[in-house]
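One structure below.
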Amino acid sequence: MKKLLSALFSLALIGAVCAAVYFNQDFSMRQVNKVKGMYYVYKGDKAYKELEMQDAIRYYNKGLSLYPGHYGAWYNLGNIYASYEDYYSSVYAYSQAFKHNPRMMIARMNYGIISSERLGDFDSAIKQYDSIINTKRRLISIPYVFNNKISYKENRAIAYYNKGVSYRLKSLYANDNWELQRKYLAKAIEAYKKSIEINPNSYDAQYNLGLAYHVSGNYDGAGKAYCKAINISPMHYEAHYNLAILLRKLGYYEAAYDEIDKASTLITALDENSAIQQYAAIMMNDITRSVYNNNHRKRLSDILDEEKSKVKKHMAKKDKDIKTKESKENKDSITSVGINFVNGKIVATEELDKAMLENFGTCGAIKYFNTEE
């Protein structure tokens, strides 16, 4: 009897399932397609990780044709199209990603960057950055487990920064309409400031704030922003280079020479772009001529001679100390403060690196700019 009841129950359950499928064929087909789509997306993810991009594109498109709501596949597809410089397909894929998941901030961010910097669609980019900025999230902080406060703040800081970049680029397309240029530059400056409020240690935000001030004619603001950028990241040449241009325009030629010299050193050491090296060399020559034309050449020469004399005396003393130490200890390597002499060759030390970093990070030109807005 129990077996009979169990069989009848199983038949009834199967019948109910069949009836549900029959009367909800559209829903059932969607679920079947969703399962198939997830399978193809899985294969796409596997190909994506293995850098087999053509296979990834094929699998993702097959999966999305069956299950269009898979925002992760849309996002990865956008990244692949961007790598192939198919920017229109890329922004479409990103738009589908945040269409199906409105809180997918990274898709909005990438959409904005591609739209602004590759397609020149500044308004669409700014719209997405504003969406990131204005999206409210529930902040959760569980010590040692989960914390979304930091990522939320970082996203807003980056969105403000990218918004500033879009407005600055937009100002370049205002042609000869200076009022419109000033309007867009003012919006760029406001966005950079908002970004810096959230992340004061952002070199890019400080440098671009200086650039926006520079172009708009606010030289005090530009000088202070460039100096802050130099303090944050001394070994980036851009702030040194632009500050040299600004100082030259203001007539502070010796300070300009100091900054262009630092910029040239960094470009030679860190950048292989010969065009940038050429521009820096031209700028250094122009500043040197300006120093000469303004009767500063002798003063600069005296300073250089004095520094050379100090260096010679210092090196002579070091050489004497080294020889003394060699005679006493008879070692192959000798270490002095900031410099290592190994088998007769000079090797940089941590102290020397620290001294160079301090030198490049010191912005002596800050004294030429007002301390108040």
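The values are calculated or read from the model by the stated rules, or taken from the named source; none is laboratory data. Since this is a predicted model, take the numbers as computed values, not measurements. Neighbour counts are summed over all protein chains in view; Cβ atoms, including those assigned to glycine, are modelled from backbone coordinates with ideal geometry. The area values use the complete protein model at the heavy-atom level, side chains included, leaving out ligands, DNA and RNA. Shrake-Rupley method; radii C 1.70, N 1.55, O 1.52, S 1.80 Å.
Run down Tyr94, Tyr87, Tyr59 and say which single residue is surrounded by fewer than 20 Cβ atoms within 10 Å (Cβ to Cβ) and of a type in the set (Phe, Trp, Tyr). Result: Tyr87 is the single residue among Tyr94, Tyr87, Tyr59 that is surrounded by fewer than 20 Cβ atoms within 10 Å (Cβ to Cβ) and of a type in the set (Phe, Trp, Tyr).
Screening Ala97, Ala125 for residues that are in a helix (DSSP H, G or I) and more than 19 Å from Pro68 (Cα to Cα) leaves exactly one candidate, Ala125.
When you scan region 196-204, do you find a residue that is in contact with a Leu (Cβ under 9 Å, 6 or more places away or on another chain), under 18 Å from Phe122 (Cβ atoms) and among the β-branched types (Val, Ile, Thr), even just one?
Of region 196-204, the ones in contact with a Leu (Cβ under 9 Å, 6 or more places away or on another chain) are 196.
From the residues that got through so far, the ones that are under 18 Å from Phe122 (Cβ atoms) too are none.
Scanning region 196-204, I find no residue that is in contact with a Leu (Cβ under 9 Å, 6 or more places away or on another chain), under 18 Å from Phe122 (Cβ atoms) and among the β-branched types (Val, Ile, Thr), so the answer is no.
Listed by first and then second residue, the pairs linking a residue in region 215-234 that is in contact (Cβ under 8 Å) with a residue 60 or more places away in the chain to a residue that is open to solvent by less than 40 Å² (accessible area, probe 1.4 Å) and part of a loop (DSSP other than H, G, I, E, B), with Cβ atoms under 7 Å apart and 6 or more places separating them unless they lie on different chains, are Asp220/Phe369; Gly223/Phe369; Lys224/Phe369; Cys227/Cys363; Ile230/Cys363; Asn231/Cys363.
Within region 213-235, restricting attention to residues that are of a type in the set (A, V, I, L, M) and more than 13 Å from Leu246 (Cβ to Cβ), the residue that is modelled with the highest pLDDT is Ile232.
For Ala212, the requirement of being within 25 Å of Glu358 (Cβ to Cβ), in contact with a Phe, Trp or Tyr (Cβ under 8 Å, 6 or more places away or on another chain), in a helix (DSSP H, G or I) and open to solvent by less than 40 Å² (accessible area, probe 1.4 Å) is not met.
Residue check: Ala205 meets all listed conditions (1) out of contact with any Ser or Thr (no Cβ under 6 Å at 6 or more places or on another chain); (2) without any contact (Cβ under 8 Å) to a residue 60 or more places away in the chain; (3) assigned to a helix (DSSP H, G or I) but one, namely (1).
Residues considered: Ser264, Ser274. Of these, the only one that is under 28 Å from Pro200 (Cα atoms), among the small types (Gly, Ala, Ser) and modelled with pLDDT under 90 is Ser264.
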